[in-house]
Amino acid sequence: MRFMVITKATAASEAGVLPSAEDFETMGAFIEELVDAGVLLAAEGIGPSSTGVRIYFDGERKTVIDGPFTETKELIAGFYLVEMKSLEECVEWFKRCPIQKTAGEPTNIEIRRLYTAEDFGEELSAEQREAVARREADADPAYRSA
Amino acid sequence: MPTDTHRAIEAVWRIEAPRLLAGLARLVRDVGVAEELAQDALVAALEQWPSEGVPGNPGAWLMTTAKRRAVDRIRRNETFRRKLEEIGRGLPEFGPDVGVTVAEDDGIGDDLLRLMFVACHPVLSTEARVALTLRLLGGLTTGEIARAFLVPEATVAQRIVRAKKTLADARVPFEVPRGAELAARLSSVLEVVYVIFNEGYSATAGDDWMRPALCEDALRLGRVLARLAPREPEVHGLVALMEIQASRSAARTGPDGEPILLADQNRARWDRVLIRRGLAALERAEALAGDDPGPYVLQAAIAACHARARRFADTDWERIAGLYELLAAAAPSPVVELNRAVALSMAYGPESGLALLDQLTAFAVLRDYHLLPSVRGDFLVRLGRRDEARAEFERAASLTRNERERALLLGRAAACGP
């Protein structure tokens with residue numbers, strides 16, 4: 001099963017500070033381990049919220065608000081897409097992630113399971129499922145470039 | 001015992017077991033003994049971790065414990081000592097350094113590769129190699145392997161015990177083969193990984209989930225192998241082939257579990273993460289293979305032609321026909337020829353396919369193979385020779401053992417008219 005492992009923003013990441021050569025090395029070694037074990041599908045870092053926007057939806061009104069956003073701990077700073085046997089295996093792997101060392105402060109990592117077609121089972125009609133799949137394929141989002 | 005800790009230990013075990021076993025196997029030069037020591041360490045973890053918590057470096061903890069257990073066993077078991085001596089290892093190795101944390105990852109990659117070559121040694125039957133590889137390198141339990149292969153657990157346990165004995169009796173060295181031997185031994189490893197993959201791929205709806213999970217196990221093994229032997233084009237070729245085939249999993253069966261042919265699959269349901277990975281692996285494989293691609297690289301290249309085609313009509317059949325010609329030369333087989341005939345018919349018209357099929361009827365192995373008349377019938381329909389086509393479909397229907405397929409073929413025969 002697949003998991004999205006989400007790393008959270010820190011004061012430094014929000015300030016747009018790029019990882020030092022040493023931090024890069026530290027995190028690189030962990031990523032290498034995931035690759036060696038054949039479990040990593042993709043990994044990306046995400047820029048600070050000051051480089052992003054939010055679109056707020058309220059009825060007919062759509063408001064685009066520029067970053068930065070203030071709730072740092074809730075913002076995401078990167079993600080891993082991994083294939084694991086179980087949530088437990090994913091947890092054991094990511095307990096080894098040197099995230100606090102590179103973050104330089106207490107932080108957290110969030111692990112979420114990805115839905116598969118089977119999960120929608122009864123909820124969606126066959127046509128709806130096909131449509132979801134087609135939209136995904138056509139949109140071909142960047143995270144899919146492993 | 002709290003279930004959480006138990007599950008955490010299981011997860012740690014799955015992560016650490018291959019490296020632990022590989023390291024121990026290098027020390028004791030016997031995978032059977034290595035596995036017993038590793039099991040001892042697991043038992044110790046199950047006893048201690050629930051109360052003491054999972055250690056910070058569980059891999060090192062398990063290795064240290066396994067070595068300590070080895071000493072305990074040696075002290076109280078003279079037979080075991082003799083066994084160790086027989087296989088060329090004395091006590092000193094386990095002496096003073098026991099309890100010292102083992103060196104991090106020092107040559108562990110080489111040990112894993114050695115373990116893979118030993119587990120897939122040609123002295124073992126394919127079944128034994130598959131069971132041993134999943135157990136030692138896939139981190140699967142005997143029970144899980146049994147469920148995946150639909151055989152009793154005792155059968156798998158027996159297979160593994162015998163395999164370990166065979167390896168010990170044959171004094172198979174714990175090393176990566178060199179020179180001329182390497183190619184043959186590597187293809188034995190690749191075969192095992194692909195057998196595991198295909199077993200998972202052939203799982204059908206309603207099967208125990210352990211069966212389709214074999215595809216993931218095989219993919220993981222393949223990816224690990226590609227990191228351990230990065231210069232081998234066939235390794236990347238196999239990985240590419242498996243990634244691309246696995247990308248179609250969700251599209252290849254209908255709501256009632258009925259198989260859907262490539263031509264009719266909803267390509268929007270193909271997994272694009274796996275396709276990208278497969279195409280990247282293929283690129284590496286082709287760069288390494290140069291002018292001399294092996295069977296896995298060629299099969300991956302064919303799979304890639306389908307993966308690149310957004311619609312069935314976009315398929316580059318000329319390229320596929322050319323690749324099948326190369327594959328027929330690299331790994332001759334009547335089934336490859338049959339596929340080549342289909343590709344030829346798609347690229348250049350049914351006459352070209354029919355011409356090749358006529359040569360294939362000489363192959364004894366294809367005589368009772370239902371796909372031969374079925375494909376032939378298909379070509380004949382496209383040529384408007386309906387009477388001949390009907391006879392071929394009827395013959396194909398009489399040869400298949402699959403009820404659903406028989407119905408399909410009889411339907412096609414009926415559609416050819418009276």
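The values are calculated or read from the model by the stated rules, or taken from the named source; none is laboratory data. Worth saying up front: this structure is predicted, and the values here are computed from it rather than measured. In this analysis, Cβ positions are derived from the backbone assuming ideal geometry, glycine residues included, and neighbour counts consider all displayed protein chains.
Among the residues that make up the range B:68-78, is at least one of them at pLDDT 85 or above, out of contact with any Phe, Trp or Tyr (no Cβ under 7 Å at 6 or more places or on another chain) and not aliphatic (A, V, I, L, M)?
Within the range B:68-78, the first condition is being at pLDDT 85 or above, and the residues that meet it are B:68.
Those still in the list that are out of contact with any Phe, Trp or Tyr (no Cβ under 7 Å at 6 or more places or on another chain) too: B:68.
This time we only want the ones that are not aliphatic (A, V, I, L, M), so: B:68.
Yes - at least one qualifying residue is present in the range B:68-78.
If I filter the range A:9-19 for residues that are among the polar types (S, T, N, Q) and either in contact (Cβ under 8 Å) with a residue 60 or more places away in the chain or not assigned by TED's automatic domain parsing to the domain that holds residue A:100 (or both), do I get at least one hit? Within the range A:9-19, one or more residues are among the polar types (S, T, N, Q) and either in contact (Cβ under 8 Å) with a residue 60 or more places away in the chain or not assigned by TED's automatic domain parsing to the domain that holds residue A:100 (or both). Only one of the listed residues (A:146, A:126) is more than 19 Å from residue A:31 (Cα to Cα), at pLDDT below 85 and of a type in the set (A, V, I, L, M). That residue is A:126. With respect to residue A:106, determine if the residue is assigned to a loop (DSSP other than H, G, I, E, B), modelled with pLDDT of 75 or more and exposed (fewer than 15 other Cβ atoms within 10 Å of the Cβ). Yes. Kindly indicate whether residue B:324 is under 25 Å from residue B:405 (Cβ atoms), among the aromatic types (Phe, Trp, Tyr) and either more than 14 Å from every other protein chain (Cβ to nearest Cβ) or part of a helix (DSSP H, G or I) (or both). Answer is yes for this residue.
Listed by first and then second residue, the pairs linking a residue in the range B:38-67 that is in the same structural domain as residue B:16 (by TED's automatic domain parsing) and hydrophobic (A, V, I, L, M, F, W, C) to a residue that is assigned to a helix (DSSP H, G or I) and surrounded by fewer than 16 Cβ atoms within 10 Å (Cβ to Cβ), with Cβ atoms under 8 Å apart and 6 or more places separating them unless they lie on different chains, are B:46/B:6. Considering the range B:207-221, the residues that are assigned to a helix (DSSP H, G or I) and among the acidic types (Asp, Glu) include one that is surrounded by the most Cβ atoms within 10 Å (Cβ to Cβ), namely B:217. All conditions in (1) among the hydrophobic types (A, V, I, L, M, F, W, C); (2) more than 14 Å from every other protein chain (Cβ to nearest Cβ); (3) touching a residue at least 24 places away in the same chain (Cβ under 8 Å) hold for residue A:53, with the sole exception of (3).
So, of the residues in the range B:222-271 that are over 21 Å from the mean Cα position of the chain (by Cα), in a loop (DSSP other than H, G, I, E, B) and within 10 Å of another protein chain (Cβ to nearest Cβ), which turns out to be farthest from residue B:407 (Cα to Cα)? Going through the qualifying residues, I end up with B:266.
Suppose we filter the range B:272-301 for residues that are within 14 Å of chain A (Cβ to nearest Cβ) and either of a type outside the set (Val, Ile, Thr) or under 19 Å from the mean Cα position of the chain (by Cα) (or both); how many remain? Working first, answer last.
First pass over the range B:272-301, keeping only residues within 14 Å of chain A (Cβ to nearest Cβ): B:272-284.
Filter once more, so that each one left must be either of a type outside the set (Val, Ile, Thr) or under 19 Å from the mean Cα position of the chain (by Cα) (or both): B:272, B:274-284.
The number of residues fulfilling the criteria is 12.
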